[in-house]
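Structure first, then comments.
The values are calculated or read from the model by the stated rules, or taken from the named source; none is laboratory data. Note that the structure is predicted; figures quoted are calculated from it, not measured. For neighbour counting, all protein chains shown are included, and Cβ atoms are generated from backbone atoms with ideal geometry for every residue, glycine included. Surface accessibility is based on the protein's heavy atoms, side chains included, excluding ligands, DNA and RNA. Shrake-Rupley method; radii C 1.70, N 1.55, O 1.52, S 1.80 Å.
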Amino acid sequence: MFIFSWVYWLFVIAYGITVISIVGVIVSENRNPLKSLAWITVLLLFPIGGLILYIFFGRSIKNTHMISRRNKKKLRQRQTLVDSRIPDDFSPEMRQMIELGRSLSGAMFFPDNEVEVYHHGADKFDALLLDIARAKEYIHLQYYIIEDDIIGHRLRDALVERSRAGVTVRVIYDDFGCWGVKRRFYEEMRAEGIDIHPFFKVAFPPFATRINWRNHRKLAVIDGRIGYLGGMNVADRYIDGGKNFRSWRDTHMRITGPAVAAIQYSFAVDWSFMGQPLLQNHVDLSIPPLHGETAGIQMLRCGPTNEWSDISLCMLKAIGSAKKRVYIQTPYFLPPEAMLNALQAAALARVDVRVMMPLKSDSVTLTYASYSYIMECLRAGIKIYLFEAGMLHSKTMIIDDRISAIGSANIDFRSFEHNFEDTMFVYSYEVNADLRRQFMEDQQGCLRVRPSQWRRRPIMQKAGESILRLLSPVL
């Protein structure tokens with residue numbers, strides 16, 4: 001009995017020292033105070049579980065170089081041939097946004113691109129598969145999720161056919177995102193000559209150091225002439241809604257023009273980060289035959305290795321520059337305090353600010369955490385719309401008449417700080433008008449949240465939202 005008591009108190013003391021040490025590390029890292037307090041709260045409320053969560057999700061790899069400066073220079077070398085001057089008719093606010101992107105990460109501005117926006121999975125995958133079938137030199141694909149289902153098999157078969165025809169095919173998928181997919185599915189592609197690799201393979205012993213950092217990008221480059229980027233993964237639910245939703249609304253882009261070089265650069269950096277050879281495939285920097293208005297594009301990348309939260313800062317700049325409207329679509333709405341304040345300030349300044357999120361998302365936890373921010377938005381005059389027609393997975397931002405953002409990043413802490421993400425800032429009246437038209441169409445399938453109604457929601461729901469709100473920086 002004495003020995004048991006001695007061992008027990010030894011364990012308690014050792015555990016207490018461990019928790020205190022971790023709290024000291026969290027404080028000394030000088031992170032965002034909200035995030036630090038969230039981790040300290042988790043450790044104090046759930047001692048054992050909190051310690052495990054911190055080991056898996058709390059560590060930082062900020063300022064880690066994904067690629068050497070020398071190789072980065074090699075990859076960017078051809079991009080310098082593009083005339084990246086900002087058009088004369090760009091407003092001072094737009095010019096400042098572009099300069100911000102350049103200062104953060106050297107992101108180039110690419111004028112004279114043609115952009116086609118897809119609002120439904122079937123249209124996007126039909127176009128992508130057609131472009132893959134026409135590929136002559138190489139195909140680069142990167143998706144957070146590639147499912148072993150009908151569309152996954154169609155994609156696999158298309159890639160295998162091109163690989164047999166002598167086209168170089170390289171694929172990156174996120175290992176955690178595809179955890180439920182049998183490895184045989186990817187091995188079949190590898191056996192056909194497709195160079196396919198998981199990003200940050202989740203396995204012991206490095207399991208705890210990799211599970212939190214997910215490659216959430218969704219992009220494609222075909223022959224250096226065509227690029228795709230947006231919010232759609234490769235899975236049947238992105239076409240038909242799957243088992244849980246009547247439909248699935250998402251947004252993706254097809255780009256031709258010099259900006260394809262930015263998508264190729266993003267893929268090449270991640271490819272090199274995984275220990276693969278440096279890619280220097282040809283990218284066509286010429287201006288394509290344009291059938292409508294030309295679009296200026298600047299692509300921002302962010303991830304846990306970045307010194308700055310590039311996408312978040314550029315979104316903040318865009319919101320602050322708005323004079324007419326800020327329309328946002330996001331599946332999860334857990335904004336950092338600075339972004340919430342920026343949206344509130346815009347609404348209070350009589351800018352038309354609207355946020356659209358799903359009434360029910362594919363994550364119950366994130367749905368209720370998102371709800372916890374609604375009342376603060378309503379008080380400032382922000383209009384909140386809950387999409388009832390299905391799952392809203394679109395990640396878009398519309399600023400006034402000419403600025404738009406489309407990509408893989410949600411409006412949440414995870415996308416801005418933990419995930420590897422890409423977002424295109426598009427300067428185009430046509431693209432902006434197309435996104436606004438779709439926003440208004442989606443709005444018809446939404447429930448608008450009124451303050452008087454929202455206050456009357458069940459007290460247990462309010463309590464659940466408040467608890468999850470505390471954990472929002474680490475969800």
Complete set of residues in the range 166-184 that are over 21 Å from G227 (Cβ atoms) and at pLDDT 95 or above: G166
Mind checking whether some residue in the range 294-310 is modelled with pLDDT of 95 or more, in a helix (DSSP H, G or I) and touching a helix residue (DSSP H, G or I) at 6+ places or on another chain (Cβ under 7 Å)? no
Considering only the range 421-453, state which residues are farther than 19 Å from F387 by Cα, in contact with an Asp or Glu (Cβ under 7 Å, 6 or more places away or on another chain) and not small (G, A, S). Y429, E430, N432
Being within 30 Å of I139 (Cβ to Cβ) and either at pLDDT 95 or above or hydrophobic (A, V, I, L, M, F, W, C) (or both) is true for just one of M315, M274. Which residue is that? M274
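Every residue in the range 134-143 that is aromatic (F, W, Y) and surrounded by fewer than 20 Cβ atoms within 10 Å (Cβ to Cβ), please.
Here is the first cut: in the range 134-143, the residues aromatic (F, W, Y) are 138, 143.
Listed by number, the list holds a single entry, Y138.
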Going through the range 185-201 one residue at a time, which ones are surrounded by fewer than 18 Cβ atoms within 10 Å (Cβ to Cβ) and modelled with pLDDT under 90? K201
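Output yes when any residue across the range 234-253 is acidic (D, E), buried (at least 24 other Cβ atoms within 10 Å of the Cβ), over 23 Å from L285 (Cα atoms) and in contact with a helix residue (DSSP H, G or I) (Cβ under 9 Å, 6 or more places away or on another chain), and no when none is.
Within the range 234-253, the subset acidic (D, E) is 236, 240, 250.
Filter once more, keeping what is buried (at least 24 other Cβ atoms within 10 Å of the Cβ): 250.
Next cut, over 23 Å from L285 (Cα atoms) only: 250.
From what is left, the residues that are in contact with a helix residue (DSSP H, G or I) (Cβ under 9 Å, 6 or more places away or on another chain) are 250.
Looking for residues that are acidic (D, E), buried (at least 24 other Cβ atoms within 10 Å of the Cβ), over 23 Å from L285 (Cα atoms) and in contact with a helix residue (DSSP H, G or I) (Cβ under 9 Å, 6 or more places away or on another chain), one finds at least one in the range 234-253, hence yes.
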Give me the residue from the range 115-134 that is among the charged types (D, E, K, R) and in a helix (DSSP H, G or I) and, out of that set, nearest to V260 (Cα to Cα). D131
I'm checking my understanding of the structure. Among residues of the range 435-475 that are modelled with pLDDT of 90 or more and open to solvent by less than 40 Å² (accessible area, probe 1.4 Å), which one is farthest from N113 (Cα to Cα)? V449
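Could you check how many residues of the range 415-436 are within 9 Å of the chain's Cα centre (by Cα) and charged (D, E, K, R)? Give the steps one after another, and end with the answer.
As a first pass, look at the range 415-436 and keep what is within 9 Å of the chain's Cα centre (by Cα): 415-416, 419-423.
Checking which are charged (D, E, K, R) leaves us with 421-422.
So the count comes out to 2.
When you check Y265 against the structure, is it among the hydroxyl-bearing types (S, T, Y) and open to solvent by 10 Å² or more (accessible area, probe 1.4 Å), yes or no? Don't jump to the end; show me each part of the working.
On the way: among the hydroxyl-bearing types (S, T, Y): yes; open to solvent by 10 Å² or more (accessible area, probe 1.4 Å): yes.
Taking the combined requirement at face value, the residue satisfies it.
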Take the residues in the range 347-373 that are hydrophobic (A, V, I, L, M, F, W, C) and within 25 Å of H119 (Cβ to Cβ); name whichever of them is modelled with the lowest pLDDT. L366
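Go over the candidates D284, D270, D310 one by one and state the one that is within 15 Å of L100 (Cα to Cα) and not hydrophobic (A, V, I, L, M, F, W, C). It would help to see each step written out before you state the result.
Working: D284 fails: within 15 Å of L100 (Cα to Cα); D270 fails: within 15 Å of L100 (Cα to Cα).
Exactly one residue qualifies, and that residue is D310.
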For the range 327-379, how many residues are open to solvent by less than 30 Å² (accessible area, probe 1.4 Å), assigned to a helix (DSSP H, G or I) and more than 19 Å from T251 (Cβ to Cβ)? 13
Just give me the residues in the range 210-222 being open to solvent by 10 Å² or more (accessible area, probe 1.4 Å) and either modelled with pLDDT of 95 or more or touching a Gly at 6+ places or on another chain (Cβ under 8 Å) (or both), in sequence order. W213, R214, H216
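For the range 315-326, give me each residue that is under 17 Å from the mean Cα position of the chain (by Cα) and buried (at least 24 other Cβ atoms within 10 Å of the Cβ).
The initial filter retains those residues of the range 315-326 that are under 17 Å from the mean Cα position of the chain (by Cα), namely 315-316.
The one that is under 17 Å from the mean Cα position of the chain (by Cα) and buried (at least 24 other Cβ atoms within 10 Å of the Cβ): M315.
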Where M274 falls short, out of the listed (1) in contact with a helix residue (DSSP H, G or I) (Cβ under 8 Å, 6 or more places away or on another chain); (2) aliphatic (A, V, I, L, M); (3) open to solvent by 30 Å² or more (accessible area, probe 1.4 Å); (4) over 22 Å from S91 (Cβ atoms): (1)
Restricting to the range 103-114, name every residue that is closer than 18 Å to T423 by Cβ and surrounded by 14 or more Cβ atoms within 10 Å (Cβ to Cβ). L104, S105, A107, M108, F109, F110, N113
Scan the range 376-408 for residues that are within 22 Å of E441 (Cα to Cα) and small (G, A, S) and jot them down. G381, A389, G390, S394, S404, A405, G407, S408
So, D131, is that one open to solvent by 20 Å² or more (accessible area, probe 1.4 Å) and of a type in the set (D, E) or not? no
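Out of R85, R95, which single residue is in a helix (DSSP H, G or I), open to solvent by 40 Å² or more (accessible area, probe 1.4 Å) and either more than 20 Å from G257 (Cα to Cα) or at pLDDT below 90 (or both)? Break it down into steps so the answer makes sense when it comes.
On the way: R85 fails: in a helix (DSSP H, G or I).
It is R95.
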